[in-house]
Structures are given as C-alpha cells and as structure tokens.
Amino acid sequence: MLNKFKNSPVIPVLTLDNVDESLKIAEVLVTSGLSNLEVTLRTPNAFKCIEAIKKEFSEAFIGAGTLVKKEQFQQVKDIGCSFAVSPGFTEALVYEAKKVGISYLPGVSTPSEIIRLRELGVSFQKFFHASNSGGYKILQAYSNIFTDIKFCPTGGIQQENYQEYLKLNNVLCLGGSWMVSKGCLKDKNFTLHVEEIVKNF
Ligand code: 3PG
C-alpha cells in the first residue's frame with residue numbers, strides 16, 4: 001500500500017451509488033493515472049460499485065473508506081478491496097484489520113490520538129479532517145514532533161492547496177473528493193483537474 005500511495009499520491013475519495021456512473025468516473029481517473037481509489041461505504045450500492053470498478057479496471061488499486069464497524073473489514077476484503085480507511089480508530093478496529101489481513105489506514109486528528117495509534121503499531125495515519133484540524137501548517141509542526149509518523153491528510157483539501165500538503169516530508173499521500181464532487185461527469189473541470197494533478201506528480 002505504501003509504495004502504491006507514494007507513486008501516485010493523490011487518492012480520489014469517491015462516494016458512489018450508481019454502477020454506470022461509477023464506471024465512467026473510474027475510467028477518467030484510472031486512464032489518466034489516478035489509479036489509487038478510495039470508495040466510501042456511505043451508500044447502499046457502494047459494494048456493487050467497488051466490485052464493478054474492480055472487474056472493469058484491473059489496474060486500479062481500490063480501497064474502502066469510512067469503515068466504522070469491525071465486521072466491515074472481512075466484507076471489504078471479500079469483495080477484493082486492497083485497503084481499508086477509517087476517519088478515526090479504536091483498538092478493536094486496528095486488531096480486526098490485522099486479524100483479517102487487510103492494509104489499514106486509521107484516522108487521527110490530535111496529538112494524543114497520534115501517540116495512541118503509534119502505540120498500537122501504526123506509523124502511517126490518516127489525518128482527518130485535515131482542513132478543519134489545522135491543515136498543512138499543523139502537519140508541518142508535527143513533522144518536528146512525530147518524526148517517525150507519515151500522514152495521509154484528508155478532508156477539505158482543494159485543487160488550490162493540495163500541493164502544499166504534498167511538499168511536507170511527513171505527508172506520504174493525501175485523499176480528497178474535490179476532483180470528483182457530485183455531478184463531476186458534467187463538469188468541464190473534472191478532466192482538467194485530474195490531468196493537472198497527474199502532471200504535477
Ligand atoms: C471523506 O471522508 O469524504 C474524505 O475525507 C474526503 O473529504 P473531502 O470530501 O472534504 O475531500
């Protein structure tokens with residue numbers, strides 16, 4: 001997971017409920033080079049959308065996001081997800097991910113949570129909600145404090161500032177939905193944003 005994210009460090013966070021639309025969005029992303037995708041488990045058809053994208057685009061590295069219950073780890077592994085993401089964490093979730101054997105990116109937003117998660121053996125952490133928790137400036141400050149922790153900031157990141165995050169030595173990658181917002185298939189900026197992101201890797 002770390003190598004995949006390092007090589008393609010912008011992870012589109014997709015909230016999908018329609019299989020046809022999912023395939024069209026995935027086509028633009030994957031063929032442009034944004035092949036690390038997080039699909040949130042926030043819609044009734046999220047599983048179906050993940051399965052359809054996996055089947056159609058074998059080069060995509062797909063994970064599931066918004067995992068908040070233990071039983072979801074086995075479910076997302078069973079449909080072929082390569083990683084799982086949570087906005088926060090509990091010990092039970094961290095242990096379950098290990099037990100199931102799926103790469104896991106749990107979330108933090110405070111120094112105490114960073115320390116607790118490090119105690120549980122997790123040194124790659126999602127920083128959520130990035131823009132409301134201090135943005136890239138707080139992550140810059142953390143680079144001197146938590147020298148062994150790498151972050152994946154997510155939440156509120158925009159086309160205008162994502163590169164500020166990627167410049168930081170403690171940011172391995174980042175997630176965001178700004179380029180795939182609702183109605184993106186009709187938005188002329190969709191492909192432009194995607195092309196610009198890939199060009200800047
Ligand atoms: C999410 O939970 O949807 C992700 O963190 C993405 O956040 P964003 O929509 O603010 O980019």
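The values are calculated or read from the model by the stated rules, or taken from the named source; none is laboratory data. These figures come from a predicted structure and were not determined experimentally. As a convention, Cβ positions derive from the backbone with ideal geometry for all residues, glycine included, and neighbour counts pool all protein chains shown.
Out of curiosity, is SER123 away from the ligand (no atom under 16 Å from the Cβ), closer than 26 Å to VAL194 by Cα and not charged (D, E, K, R)?
Numbers: away from the ligand (no atom under 16 Å from the Cβ): yes; closer than 26 Å to VAL194 by Cα: no; not charged (D, E, K, R): yes.
Answer is no for this residue.
Would you list the helices (runs of 4 or more DSSP H) that sit entirely within the stretch 1-81 and hold 2 or more residues that are within 16 Å of the ligand (Cβ to nearest atom), over 17 Å from LYS126 (Cβ atoms) and among the hydrophobic types (A, V, I, L, M, F, W, C)?
Result: 19-32, 46-56.
What do you reckon, is LEU192 away from the ligand (no atom under 16 Å from the Cβ), more than 19 Å from the chain's Cα centre (by Cα) and at pLDDT below 95?
Considered against the rule, which asks whether it is away from the ligand (no atom under 16 Å from the Cβ), more than 19 Å from the chain's Cα centre (by Cα) and at pLDDT below 95, LEU192 comes out as yes.
Here is a list: ILE102, ILE115, ILE79. Which entry is aliphatic (A, V, I, L, M), touching a helix residue (DSSP H, G or I) at 6+ places or on another chain (Cβ under 6 Å) and surrounded by fewer than 19 Cβ atoms within 10 Å (Cβ to Cβ)? Please lay out each step first, then the result.
On the way: ILE102 fails: surrounded by fewer than 19 Cβ atoms within 10 Å (Cβ to Cβ); ILE115 fails: touching a helix residue (DSSP H, G or I) at 6+ places or on another chain (Cβ under 6 Å).
ILE79 is the lone residue from the list that is aliphatic (A, V, I, L, M), touching a helix residue (DSSP H, G or I) at 6+ places or on another chain (Cβ under 6 Å) and surrounded by fewer than 19 Cβ atoms within 10 Å (Cβ to Cβ).
Right, ASN169: surrounded by fewer than 20 Cβ atoms within 10 Å (Cβ to Cβ), within 20 Å of SER143 (Cβ to Cβ), among the polar types (S, T, N, Q) and touching a Gly at 6+ places or on another chain (Cβ under 9 Å) or not?
No, not satisfied.
Keeping to the stretch 44-66, report how many residues are more than 12 Å from the chain's Cα centre (by Cα) and surrounded by 15 or more Cβ atoms within 10 Å (Cβ to Cβ).
11
Restricting the search to the stretch 142-166, which residues are of a type in the set (A, V, I, L, M) and either under 16 Å from ALA26 (Cα atoms) or crowded, with 22+ Cβ neighbours inside 10 Å (or both)?
Answer for the stretch 142-166, where residues must be of a type in the set (A, V, I, L, M) and either under 16 Å from ALA26 (Cα atoms) or crowded, with 22+ Cβ neighbours inside 10 Å (or both): just ILE157.
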